[in-house]
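Here's the structure, in structure tokens; my notes come after.
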Amino acid sequence: MNIMICCSKYFYEKIPEIKKALEKNGHSVNLPNSYDNPLMEEKMKQLSKDESILWKANMLRKDHENIIKNDAILVLNLEKKGQRNYIGGATFLEIAKAFELGKKIFLFNSIPENIFKDELVGINPIIINGNLSKIR
């Protein structure tokens, strides 16, 4: 299965270990847009407002292109600054795109108690509770 990993840039350090395990299970793994340069968004915010907006819009469009060529997404919803199972706005948009495109959606941990909870329940992702062997 072709799987795109989606998560906050704060979780990028966890990706190599998870990528390796997924590949060992026979999956092909695609990485988040800014994986090679996780601080690019912060750099772009220091440029002009228009340049920053253009960059962010291009990243959101690129999400669509990346998700469409995968069978599924794996959302790494880990703890961030005391928030359990964190899913931020950009990751939520990736989940919504995957849902609209009919892709399988796997959550590494359970649905968080946040503003997106009702929508995430409706999307009905497959919760794997950290068990990558549940991805099929």
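The values are calculated or read from the model by the stated rules, or taken from the named source; none is laboratory data. The structure displayed is predicted, hence computed values, not measured ones. All Cβ positions, even for glycine, are placed from backbone atoms using ideal geometry, and neighbour counts span all protein chains on display.
Which condition number in (1) more than 13 Å from residue 4 (Cβ to Cβ); (2) at pLDDT below 90; (3) within 16 Å of the chain's Cα centre (by Cα) is the one that residue 33 fails?
(1)
Could you tell me which numbered condition residue 12 fails, if it satisfies all but one of (1) part of a loop (DSSP other than H, G, I, E, B); (2) within 29 Å of residue 131 (Cα to Cα)?
(1)
Please list, ordered by residue number, the strands (runs of 3 or more DSSP E) wholly in the range 19-122 having 2 or more residues that are touching a Leu at 6+ places or on another chain (Cβ under 8 Å) and in contact (Cβ under 8 Å) with a residue 40 or more places away in the chain.
Here the list reads 72-75.
Residue by residue, here is whether (1) modelled with pLDDT of 95 or more; (2) crowded, with 16+ Cβ neighbours inside 10 Å holds:
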position: 48; (1), (2): no, no
position: 87; (1), (2): yes, yes
position: 106; (1), (2): yes, yes
position: 124; (1), (2): yes, no
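Just name the residue that is nearest to residue 130 (Cα to Cα) out of those in the range 15-42 that are acidic (Asp, Glu) and either surrounded by fewer than 13 Cβ atoms within 10 Å (Cβ to Cβ) or touching an Asp or Glu at 6+ places or on another chain (Cβ under 7 Å) (or both). Don't jump to the end; show me each part of the working.
At the first step, the residues of the range 15-42 found to be acidic (Asp, Glu) are 17, 23, 36, 41-42.
Still in the running and either surrounded by fewer than 13 Cβ atoms within 10 Å (Cβ to Cβ) or touching an Asp or Glu at 6+ places or on another chain (Cβ under 7 Å) (or both): 17, 23, 36, 42.
Details: 17: 12, 23: 16, 36: 24, 42: 30 Å.
Once the filter is applied, the top-ranked residue is 17.
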